[in-house]
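No value in this document is a laboratory result; all are computed from the given coordinates. This is a predicted model, so every value here is computed, not measured. Here the Cβ is made from the backbone with ideal geometry for all residues, glycine too, and neighbour counts use every protein chain on show.
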Amino acid sequence: MNSSLKKEYVRTWESLRKLTYRIRKGLEEQYIPAGINVVEFRILDFLKSDDKSTLARLSRELTVTREGVALIVEGLESRGLVKRTVVQEEPKLIFISLTASGKRVLAKATRLQEKMIMSSIGQLSESDLKTLQLLIDRLYDKV
């Protein structure tokens, strides 16, 4: 591989890293009016489709330590966004689910996220969007 091509790969990788950082920072700002952060959004969003999740499952799905997830869930619970339910037959088994308030906050945060999406990639043509998705999928399969 020639050195100029290698430099382009490194430059592209660095651009992707910077883009990922900007997206995360942008989302943090977008979620402020909803009163949550990016990790809290990910937990609420996951619970939307899995209303009887456990700390272990959330930890695996979100690649956050179990202790980290426990602290975040504790904060969400104290704000009334999630609830924990102990399974009577198995007291060590605790399900975590969204509350009505959690569903409202998630809906608001999702609308704010969609606003960010539309103000960024929403400006791409359909052709550019398809090309971008194809390239992201290819890269995703390699990483």
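Just a few scattered comments:
- Shown is the FRET efficiency for ARG138 and LEU71, computed with R0 = 30 Å from the Cβ-Cβ distance and rounded to the nearest 0.05: 0.25.
- In degrees, nearest ten, helix 126-142 long axis to first principal axis of the chain (Cα): 70 degrees
- If a spin label sat at a point 7 angstrom from the Cα of LYS48 along the line to its beta carbon, the backbone N atoms of the range 93-135 nearer than 16 Å would be those of 97-118.
- Computed 3J(HN,Hα) for the range 9-14, one whole-Hz value per residue from the Karplus formula 6.51 cos²θ - 1.76 cosθ + 1.60 where θ = phi - 60°, is 4, 5, 5, 5, 4, 5, glycine and proline marked x.
- Which label in [x] 72; [y] 66; [z] 57 gives the computed percent of Cα pairs over 18 Å apart: [y]
- With 5 Å bins from 0: P(r) over the range 76-141, alpha-carbon pairs, percent: 4, 14, 11, 12, 12, 10, 12, 12, 7, 4, 1
- With Cα atoms, 0 to 90° folded angle of helix 38-49 axis to the chain main axis: 70 degrees
- Max mean-square fluctuation residue, GNM over the chain, Cα-Cα springs under 10 Å, options VAL105, VAL86, VAL39: VAL86
- The range 81-96 and the range 20-42: distance between their alpha carbon centers, rounded to Å: 28 Å
- Selected from GLU40, GLU14, GLU114 as most flexible by GNM, with the chain as the system and alpha-carbon contacts under 10 Å: GLU14
- Cross-link reach list, aspartates and glutamates versus LYS48, counting only Cα pairs under 16 Å and skipping chain neighbours closer than eight places: GLU40, GLU61, GLU77
- Mean residue ellipticity at 222 nm, helices only, the chain: -23000 deg cm²/dmol; runs of at least 4 DSSP H residues each add -39,500 (n - 2.57), and the sum is divided by the number of residues.
- Computed lengthening from VAL10 to LEU124, 0.36 nm per intervening residue step minus Cα-Cα distance: 38.5 nm
- Spin-label model, THR99 to THR63: label points 7 Å out along the Cα-to-beta-carbon direction sit 3.1 nm apart.
- Relative to the longest principal axis of the Cα atoms of the chain, helix 66-78 runs at roughly 60 degrees.
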